Amino acid sequence: MEQIAPMSGNLKIETKGFSAFYGKTQALRNVNFAVPEKKITAMIGPSGCGKSTFLRSLNRMNDFIPGFRMEGSALLDGQEIYGAAVNPVLLRQRVGMVFQKPNPFQMSIYENVAYGLRIQGVKSASLVSDIVEKSLRAAALWDEVKDRLKGSAFALSGGQQQRLCIARALAVEPEVILLDEPASALDPISTARIEELMQDLKDRYTIAIVTHNMQQAARVSDYTAFFLDGTLVEVGETTKIFTNPDDSRTEDYITGRFG
Amino acid sequence: MADARLPEKGLSPYRQIRNVVLGSITGLAFLVAVTPLLAIIYIAYDRGKAALSLSFVTTMPSGFPVGIEGGILNGIAGSLILIVLASLLSVPVGVWAGLYLWDQSHTRLAGITRLFSDLLLGVPSVIWGVVGFYVFSTNTGWGFHWGFSGLAAGLTLGFIMIPIVTRVTEQALRDVPRSYIEGALALGATRFQVMRDLAIPAAITGIGTGILLGVLNVLGQTAPLVFTNYYNTGIPHSLVGSNGSVGDLAMQIFIYIHEPSKALHVKAMAAALVLTVIVLLLDMGIRLLSWGSRKYARKA
Amino acid sequence: MSSPFISEERPFRKSPDRTETPRKHKDVTMAAPEHEQGDSLLSHGDHRPPVVAPLSFLSPDPDEVRDAQELGRSAPSTETTLKNLRRASHSQVLRSERLFHLTLRLGGLFILLLFATVLGVSVVEAWPSIEKFGWSFLWTPTWNPHRHIFGAWTYLVGTFWVTGIALIFAIPIAILSALFLSDYAPKWLVGGVSTLMEMLAGIPSIVFGAFGIIFVVPLMRDHVEPFLANTLGRHFDFFSGDAMGYGILSAGLVVGIMVIPLVATVTRDSLVMVPRETVEAAYALGSTKAEMVYFVKLPAVVPGIIGSVILGFGRALGETMAVLLLVGNQASVPTSIQDVGYTISSLLANTFTYAVIDPLFSAAEIELGLILLVISLVVNTLGRELLLKLMGGRLAGSVGGG
């Protein structure tokens, strides 16, 4: 099945014939996909359709799962993500990730954001505090936490924690941010803030988001991809996918006939 | 089957009685299980109270046979020395191995290592004694030739502690939430950085608990000391060689109770009470520690 | 065999196909060690050679500024500085990761070395005896250091007598106590008594031995053994004897008391794993509480009970000091429950230090120890496996008694 992504602009990430396996179970089948630069690309589909696996494959977070292996190719700026010469640690500094459940570290708010810089060996206190402030501002959290930067990150609300995790990801200046259902554990108001934030960020970052929530995909994304049973069924401009999909399965899903 | 009908509603007297009897039996069994254990503590107190005083734990044994007068300071000091020596060996090695098992968890070599670490948990203490004797104490053949000494015994106890510390360290690290670790990896942290900055700080109470658990396990060990240290009525100046033996609380109880002397038996029971109280306090400390950390983890 | 990075909800991990290695990237644990040659993904498409020295971030690197000016770009911002840092750290990251990987592995090797030492010492030092007596060592009842004839039979039998008496006494009480803790104890009491039970399991065995000498031996000598001899002993020689207090009965009872908390605690842990649905299903059929507990819950945890009994067996088998003090230490095969005997571990603790004078004598003792070691390892592994299967991993270690 040859899926040509009808996408304009520079393609930041591209996969060709990408398949993924956990042991003998095939989680992804021959996915040909592209994430355009400085756009928001949403991935939707029912549980277990492989969308999260796909997202996690893009910064090699699946490497930690025993029995995981892949076939095909995934490219970041035309370079093979799974190439023998690639150090996944350095890959992940370029392709950041925000998870479903907010996972701040057991450190102060400040240290959470600074952590990514510290592990890269940034010693300069003024540079670190500049970047921390910049990142917190970018994550629209600065005004809420600027007076308690030394306080524990666990004292924040769920939504604030998630924005802190976004700020933490931004601090290392990645080029791509992968969001794995970032709002599924949040209340509607926090969700709205995260969605606003994504719009602000897309000028500077390439964003890929996995979501359970079709309305969210329709609201925030420029492109939408629909996954089903490990295959990419359809991908296209969000307006088209939600109004006039080519594939009948996509139509069934977005009109709520299954999933 | 014209006669087939359901039994009458309600419980037959047989079932009612059986219910009560089978229930009561469990309570009775529990009492049978716990009473001797509590009796041990009570009898140690009752038979040892004549010797119990503050000076019992602060003075050296004296009189003839030695111990008939004075206290058990040599045993307390010796046990302390042995625990420190055992920890000096087992904490670095055990934590190190635990870190390895956690980090490279699913590799074949780690699987084998985990298997052997668990096997070591099942090695009987007399075997540890024999091993300690040949590795550290014996003065013939290969080995360290340290004689019956504190160092030989301490390191033998260290051997016993290693698999305990290893297992608990690995478990404590595994209890660190996966999301927490992934958060750091997604920032581009190396495994070393994740371990140093996140996993170890989050697991440190668990690791500490494991070390204390190991100490608890070797504190009452007597058999390995018979092979590697035996006993000293004083406090030695050296921990190696022919005068290197240390006193030890458990060994002291063994020697006193082995003597056909009522007076020494009183001392033995008093020492047994002291040892039991130390062990129970340590146990309680471990429980408080892990309870506290669990409470903290729930908040996180 | 789960890694901290396995997601619990993934069904895939249950079928780990170990031989199937990832096709593209071999080492999934950490950064693959073989990426020396390229830094394509690290340099942001900028193919200048990596700068190795860490850069100062306070002021922009003068070379960098000049380069940038020559190229007509603006001086480097924080962003470019950070990117330089990434290039700089590439080789360092690789080197340190590989070193870290190997260093950790050394910690694991120490465990393997320790096990090899235990097994090696036992086999090597027992070898003269193994060589001389062969398999017949196992069933030879003679143990005569002067005539250099050694056989394990007496001690094997003594060990199994003491262990057997301990388990016959301990198992029913421990299992019923476990039922009390899991189902019958009132809610406000259950935490306290469970903790009490667990804590009492930690009382050192030398204390049990001293208790045995002071309390159990006189009790047996003056009351229990005469009573046994006068009742059952009139009909069965097995229960008769001349009431010494010391012997396999006293030793077995004390060891039994010692293993009850272990068996009870582990059994309770498996009882509380019985799914709520099973319990509710039993009640919904009109079971009384006892019918639910004994006919539904207890059968559901049979593997756990077997596992805990096996662990208790292992603990009793290796028990040394209490037995040494109580069993009588006489090398004869017991024929009555009131007889004295000798166990492997008490023999070793009692006589090893003078047995070493004679190489064959000490070798025979160590061969006995080796038999004990092998049985203990098998027993512990078996019990642990059964429990692991049932409880999925959480089991505190128990060291063979001292």
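The values are calculated or read from the model by the stated rules, or taken from the named source; none is laboratory data. Just so we're clear, the structure is a prediction, and the values are computed from it rather than from any experiment. Quick reminder, even Gly has a Cβ in these numbers, built from the backbone with ideal geometry, and neighbours come from all protein chains shown.
Working only within the range B:177-219, note down all residues that are β-branched (V, I, T), within 30 Å of A:P88 (Cα to Cα) and more than 7 Å from chain A (Cβ to nearest Cβ). Correct list: B:I181, B:V194, B:I200, B:I204, B:I207.
The residues of the range A:61-117 that are aromatic (F, W, Y) and within 11 Å of chain C (Cβ to nearest Cβ), listed by number, are A:F64, A:F68, A:Y82. Select, from A:A208, A:A185, the only residue that is touching a residue at least 40 places away in the same chain (Cβ under 8 Å), of a type in the set (A, V, I, L, M, F, W, C) and under 23 Å from A:T15 (Cβ atoms). Going through A:A208, A:A185 in turn, the sole match is A:A208.
Residues in the range B:202-260 that are part of a loop (DSSP other than H, G, I, E, B), surrounded by 21 or more Cβ atoms within 10 Å (Cβ to Cβ) and among the β-branched types (V, I, T): B:T222, B:V246.
You will find that of A:D203, A:D130, the residue that is acidic (D, E), free of Cβ contacts under 8 Å to residues at least 12 places away in the same chain and under 26 Å from A:K38 (Cα atoms) is A:D130 and no other.
Condition check for B:I112 on (1) over 17 Å from the mean Cα position of the chain (by Cα); (2) of a type in the set (A, V, I, L, M, F, W, C); (3) buried (at least 21 other Cβ atoms within 10 Å of the Cβ): one failure, at (3). Residues in the range C:244-288 that are touching a helix residue (DSSP H, G or I) at 6+ places or on another chain (Cβ under 9 Å) and either among the basic types (K, R) or not assigned by TED's automatic domain parsing to the domain that holds C:N329 (or both): C:R268 alone. Within the range C:332-375, the residues that satisfy the criterion of being outside any helix (DSSP H, G or I) and out of contact with any Pro (no Cβ under 7 Å at 6 or more places or on another chain) are C:S332, C:P334, C:T335, C:S336, C:I337, C:Q338, C:D339, C:V340, C:Y342, C:T343, C:V356, C:I357. Of the residues making up the range C:103-121, those that are more than 7 Å from chain B (Cβ to nearest Cβ), more than 16 Å from B:V126 (Cα to Cα) and aliphatic (A, V, I, L, M) are C:L106, C:L109, C:L113, C:A116. Got at least one residue in the range A:120-129 being within 14 Å of the chain's Cα centre (by Cα), surrounded by fewer than 22 Cβ atoms within 10 Å (Cβ to Cβ), within 13 Å of chain C (Cβ to nearest Cβ) and within 28 Å of B:L198 (Cα to Cα)? No; the residues of the range A:120-129 include none that is within 14 Å of the chain's Cα centre (by Cα), surrounded by fewer than 22 Cβ atoms within 10 Å (Cβ to Cβ), within 13 Å of chain C (Cβ to nearest Cβ) and within 28 Å of B:L198 (Cα to Cα). The set of residues from the range B:135-162 being at the interface with chain C (Cβ under 9 Å from one of its Cβ atoms), buried (at least 24 other Cβ atoms within 10 Å of the Cβ) and within 15 Å of C:F352 (Cα to Cα) comprises just one member, B:F148. In the range A:24-41, the count of residues that are of a type in the set (A, V, I, L, M, F, W, C), modelled with pLDDT under 90 and over 14 Å from the mean Cα position of the chain (by Cα) is zero. Among the conditions (1) within 24 Å of B:S62 (Cα to Cα); (2) facing chain C (nearest Cβ under 9 Å), the only one that B:L239 does not satisfy is (2). Scan the range C:346-360 and give yes if some residue there is touching a Lys or Arg at 6+ places or on another chain (Cβ under 8 Å) and either buried (at least 24 other Cβ atoms within 10 Å of the Cβ) or in contact (Cβ under 8 Å) with a residue 60 or more places away in the chain (or both), otherwise no. For the range C:346-360, residues touching a Lys or Arg at 6+ places or on another chain (Cβ under 8 Å) and either buried (at least 24 other Cβ atoms within 10 Å of the Cβ) or in contact (Cβ under 8 Å) with a residue 60 or more places away in the chain (or both): present.
Checking every residue in the range A:18-38 against the condition of being more than 10 Å from chain C (Cβ to nearest Cβ), out of contact with any helix residue (DSSP H, G or I) (no Cβ under 6 Å at 6 or more places or on another chain), assigned to a loop (DSSP other than H, G, I, E, B) and of a type in the set (D, E, K, R) gives at least one match.
Restricting the range C:122-154 to residues that are within 20 Å of C:Y354 (Cβ to Cβ) and of a type in the set (A, V, I, L, M, F, W, C) leaves a set whose member that is surrounded by the fewest Cβ atoms within 10 Å (Cβ to Cβ) is C:I149. The listed residues are C:L271, C:L253, C:L324, and the only one of them that is within 14 Å of chain B (Cβ to nearest Cβ) and either without any contact (Cβ under 8 Å) to a residue 60 or more places away in the chain or under 22 Å from C:L373 (Cβ atoms) (or both) turns out to be C:L324.
Results for (1) more than 10 Å from every other protein chain (Cβ to nearest Cβ); (2) in contact (Cβ under 8 Å) with a residue 60 or more places away in the chain; (3) closer than 16 Å to C:V216 by Cβ; (4) within 27 Å of the chain's Cα centre (by Cα), shown as yes or no for each residue.
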residue	(1), (2), (3), (4)
B:P36	no, no, yes, yes
B:A39	no, no, yes, yes
B:Y45	yes, yes, no, yes
B:K49	yes, yes, no, yes
B:L52	yes, yes, no, yes
B:T58	yes, no, no, yes
B:P61	yes, yes, no, yes
B:V66	yes, yes, no, no
B:G71	yes, no, no, yes
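Quick check on A:A167: is it over 22 Å from A:N32 (Cβ atoms), assigned to a helix (DSSP H, G or I) and free of Cβ contacts under 8 Å to residues at least 24 places away in the same chain? Against the criterion (over 22 Å from A:N32 (Cβ atoms), assigned to a helix (DSSP H, G or I) and free of Cβ contacts under 8 Å to residues at least 24 places away in the same chain), A:A167 does not qualify. Evaluation of A:L90 against the conditions (1) among the aliphatic types (A, V, I, L, M); (2) buried (at least 20 other Cβ atoms within 10 Å of the Cβ); (3) in contact (Cβ under 8 Å) with a residue 60 or more places away in the chain shows that the sole unmet condition is (3). Within the range A:208-259, the residues that satisfy the criterion of being assigned to a strand (DSSP E or B) and farther than 17 Å from A:R29 by Cβ are A:A208, A:I209, A:V210, A:Y223, A:T224, A:G236, A:E237.
Among the residues of the range C:122-138, none is identified as in contact with a strand residue (DSSP E or B) (Cβ under 8 Å, 6 or more places away or on another chain) and within 11 Å of chain B (Cβ to nearest Cβ). For the range C:164-183, state whether one or more residues are more than 30 Å from C:K289 (Cβ to Cβ) and either of a type in the set (G, A, S) or within 11 Å of another protein chain (Cβ to nearest Cβ) (or both). Within the range C:164-183, one or more residues are more than 30 Å from C:K289 (Cβ to Cβ) and either of a type in the set (G, A, S) or within 11 Å of another protein chain (Cβ to nearest Cβ) (or both).
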